[in-house]
Amino acid sequence: MKIATFNINNINRRLPNLLRWLKSAKPDVVSLQELKASDAEFPAAAIEKAGYGAVWQGQKTWNGVAILARKAEPVLIRTALPGDAGDHEARYIEAAVRGIVVTSLYLPNGNPQPGPKFDYKLAWFKRLRAHAAKLLKQDVPVVLAGDYNVAPDTFDIYPTRSWDKDALIQPKSRAAFKALVDQGWCDAIRTLHPDRQMFTFWDYKRNRWPRDAGLRLDHLLLSPQVAPRLSKAGIDRDIRGEDGASDHAPAWVVLK
């Protein structure tokens, strides 16, 4: 079973890219972020024609998350992260697919920091940890997939000082991610590739893709019920080099 996460950065603009990748990679489950489309604008017909069922939570212009399932219909569980009824940003969706609970989450970027946007990022992380702890207590197989907007370690960013003040690599951001993983989650890519520098995001600016000046921001965290099934993990980085590509590449795991 192949599960992927992909920040598509505008699903309608990148739809040809997405459809080509679905056809070639054949993931069984896909978590998408940054749809940048309202519910009505989601390209459901094209996704269905490609052989995927889908659930989504859209938002015009910004955010938006979805879960796709190959030759199956995801069973929707929730469309918001618990803990703040006043938070209406489309950043979280959760569904069951073939016996596994899968999320698509789009954690706040947090810039500029310090400030209210960074405070929102840390508060969102706190809510995520609370919900993740409840999922662990339920003793069910879970994959927390999505764009976490955190490079967890210095190894997860190319050698540079230009991002030092960015929210993506702040000590508080990294500590929040570590606290989540330390609940008992398995960071799939780092577990299977402990010594290999792997990136999922290359900014459009400053020629960062040709220079391989990337960061690892997109993660798949496996619950203890799923982690023993982990057999492969990787990043389809070539997708980033296509014409009209998202600034992210798909990250994926294969469960045996």
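The values are calculated or read from the model by the stated rules, or taken from the named source; none is laboratory data. Given the structure is predicted, the values throughout are model-derived calculations rather than measurements. Reconstructed Cβ throughout: ideal geometry from the backbone, glycine too, with neighbour counts over all protein chains shown. Remember, those area values only see protein heavy atoms, side chains included, never the ligands or the DNA or RNA. Shrake-Rupley method; radii C 1.70, N 1.55, O 1.52, S 1.80 Å.
Each semi-axis of the equivalent ellipsoid for the chain is √(5λ) with λ an eigenvalue of the Cα gyration tensor; in descending order they amount to 24, 22, 19 Å. As a fraction of the 1.4 Å probe accessible area of the chain, surface on carbon and sulfur atoms comes out at 53 percent. Note on the chain: with a GNM built from Cα contacts shorter than 10 Å, the maximum mean-square fluctuation among T61, T103, T79 falls on T61. The value obtained for the range 134-190, namely the Cα convex hull volume divided by the number of residues, is 90 Å³ per residue.
Within the shell defined by Cβ-Cβ distances under 14 Å, the residues around K121 carry a net charge of +1, with Lys and Arg each +1 and Asp and Glu each -1. Ellipsoid fit via the Cα gyration tensor, the range 47-192: semi-axes of 26, 18, 16 Å, each the root of five times an eigenvalue, largest first. If you look at the Cα atoms of the range 180-240, you get an Rg and a Dmax of 13.5, 42 Å.
Ligands, DNA and RNA are left out, and with a 1.4 angstrom probe the accessible area of the chain is 44 Å² per residue. Of S104, S38, the residue with the largest accessible area leads and the full order is S38, S104 (1.4 Å probe). Mean residue ellipticity at 222 nm, helices only, the chain: -6500 deg cm²/dmol; runs of at least 4 DSSP H residues each add -39,500 (n - 2.57), and the sum is divided by the number of residues.
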